[in-house]
Amino acid sequence: MKISEIAKLAGVSSAAVSRYLNGGSISEEKKQIIKRVIEETGYVPNPTARSLRRQQSDSIGIIVPRINSESVSRLVEGVSSVLNQAGYMVVFGNAENNEKRETEYLRLMQEANLSGIILMGTVFTSEHIRFFRECEIPIVVCGQYHPYVSCIYHDDKGAGKELARHMIKNGRKRLAYIGVTETDLCVGVNRRLGVEESLTEAGIPLSDLVKIQVGFTVDDGYSGMSEILESGYIPDGVICATDSLAVGAIKALREAGLSVPGEVSVGGIGGGTSGRYITPTLTTVRLFHRESGEMAARQLLGMIKNNREKSGEKMPVTHTVLGFELIERESIKRKEC
């Protein structure tokens, strides 16, 4: 008989049975139910498997949507610096922008009896939400908000609003916006809403804003900008949801014979290092990705400590919003009359 079969009979998760067998934190009610099922079935745990699970008890999982992203790298650096110092081994999962694979990692990490999980969120499906509600181990989400789980995320709406405000302040009012999928609430929806709020406050009709949705890469920024130009629309300012999109947009504009920032100014959001090394250097809104990783790791360690000391009693869900910083460089300049 397997742990999963015991879990099904007891009406609990496999992780709960695993924690019971290894002396981990679990509520008294679940402990008694699992104990009764084990006694009734005569289940005898595999000592080798139990030994392996014990070895994993000081491991923490990090799940990211993709690895070809500077924001992901900075967040992982922050998480790893704190966890390594605390003596935890990091188990890494790359979901490759696949929501199903992401939820599979969540289940696998819980069943492996890891001490906790940090998830860099993008899109939350019904499977994510079910996991958040039923999760037996501490979990912290970075980069997205959800009411059922502790989160550390950025003021994406404020960042979009600040970049658009700066663009408009420099006389740029014939605008284009290169965004990403709006299944991603924070990057896809909130940044666009911030941009639109600045336009409304400046008296610019939202119908004047040309918008396009693309992927997350430099190539996507290039193709999105090219599509806008091919439509016959020549903006005097381009606002991009990420720095990577902005880098691609600048390349497309220059290849089309348009000067940046003279004829068309361009700005991005993220504040990564790449924007410092292109020509012109990129005006951006910096988000604190490494700091969010450090905060998430410290919060998770606190949750793990509480979980062990108080026999599985969960800490209250908390939500922390980080600020942003406008970094003015060369890619946005005042429009000449």
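Return the residue satisfying two criteria in turn: it lies in region 292-337 and is under 23 Å from TYR88 (Cα atoms) and in contact with a Leu (Cβ under 7 Å, 6 or more places away or on another chain), and of such residues it is surrounded by the fewest Cβ atoms within 10 Å (Cβ to Cβ).
Per the criteria, the residue is SER292.
Working only within region 268-283, note down all residues that are under 19 Å from the mean Cα position of the chain (by Cα) and buried (at least 23 other Cβ atoms within 10 Å of the Cβ). Explain how you work it out, then say what you get.
At the first step, the residues of region 268-283 found to be under 19 Å from the mean Cα position of the chain (by Cα) are 268-273.
The answer is GLY268, ILE269, GLY270, GLY271.
For region 126-137, check the following and say yes or no: at least one residue is closer than 23 Å to GLY270 by Cα and buried (at least 19 other Cβ atoms within 10 Å of the Cβ).
Taking every residue of region 126-137 in turn, none turns out to be closer than 23 Å to GLY270 by Cα and buried (at least 19 other Cβ atoms within 10 Å of the Cβ).
Testing SER265 on (1) under 15 Å from MET167 (Cβ atoms); (2) surrounded by fewer than 20 Cβ atoms within 10 Å (Cβ to Cβ), one condition comes back false. Which one is that?
(2)
Out of curiosity, is MET109 free of Cβ contacts under 8 Å to residues at least 60 places away in the same chain, touching a Pro at 6+ places or on another chain (Cβ under 7 Å) and either more than 19 Å from THR183 (Cα to Cα) or of a type outside the set (Asp, Glu) (or both)?
When the stated conditions are applied, MET109 does not pass them.
Six or more apart or on different chains, Cβ atoms under 8 Å: show the pairs whose first residue is in region 268-288 and under 13 Å from ILE332 (Cα atoms) and whose second is surrounded by fewer than 24 Cβ atoms within 10 Å (Cβ to Cβ) and basic (Lys, Arg).
Pairs that qualify, where the first residue is under 13 Å from ILE332 (Cα atoms) and the partner is surrounded by fewer than 24 Cβ atoms within 10 Å (Cβ to Cβ) and basic (Lys, Arg), are GLY275/ARG329; PRO280/ARG329; THR281/ARG329; LEU282/ARG276; LEU282/ARG329; THR283/ARG329; THR284/ARG329.
With the structure loaded, tell me whether THR318 is in contact with a helix residue (DSSP H, G or I) (Cβ under 8 Å, 6 or more places away or on another chain) and under 30 Å from LEU209 (Cβ atoms) or whether it fails that test.
No: the conditions fail for THR318.
Quick check on this structure: which one of ARG286, ARG254 is under 17 Å from ASP219 (Cα atoms) and of a type outside the set (Gly, Ala, Ser)?
ARG254
Do we find a residue being of a type outside the set (D, E, K, R), over 25 Å from GLU325 (Cα atoms), loosely packed, with under 15 Cβ neighbours inside 10 Å and modelled with pLDDT of 95 or more anywhere in region 214-230?
Taking every residue of region 214-230 in turn, none turns out to be of a type outside the set (D, E, K, R), over 25 Å from GLU325 (Cα atoms), loosely packed, with under 15 Cβ neighbours inside 10 Å and modelled with pLDDT of 95 or more.
Here's the yes/no breakdown for (1) within 26 Å of LYS2 (Cα to Cα); (2) modelled with pLDDT of 95 or more; (3) polar (S, T, N, Q); (4) not in a strand (DSSP E or B):
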| residue | (1), (2), (3), (4) |
| --- | --- |
| ILE34 | yes, no, no, yes |
| ILE38 | yes, no, no, yes |
| TYR43 | yes, no, no, yes |
| ARG50 | yes, no, no, yes |
| ILE62 | no, yes, no, no |
| ARG66 | no, no, no, yes |
| GLY78 | no, yes, no, yes |
| ASN84 | no, no, yes, yes |
| ASN97 | no, no, yes, yes |
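Only one of ILE327, ILE332 is touching a Lys or Arg at 6+ places or on another chain (Cβ under 7 Å), at pLDDT 95 or above and of a type in the set (A, V, I, L, M). Can you tell me which?
ILE327
Can you tell me which condition VAL72 does not meet? The list is (1) of a type in the set (A, V, I, L, M, F, W, C); (2) at pLDDT below 85; (3) surrounded by fewer than 21 Cβ atoms within 10 Å (Cβ to Cβ), and all the others hold.
Status for VAL72: all satisfied but (2).
The values are calculated or read from the model by the stated rules, or taken from the named source; none is laboratory data. Not measured: the values here are computed from a predicted model. Cβ atoms come from the backbone with ideal geometry, glycine included; neighbour counts cover every protein chain shown.
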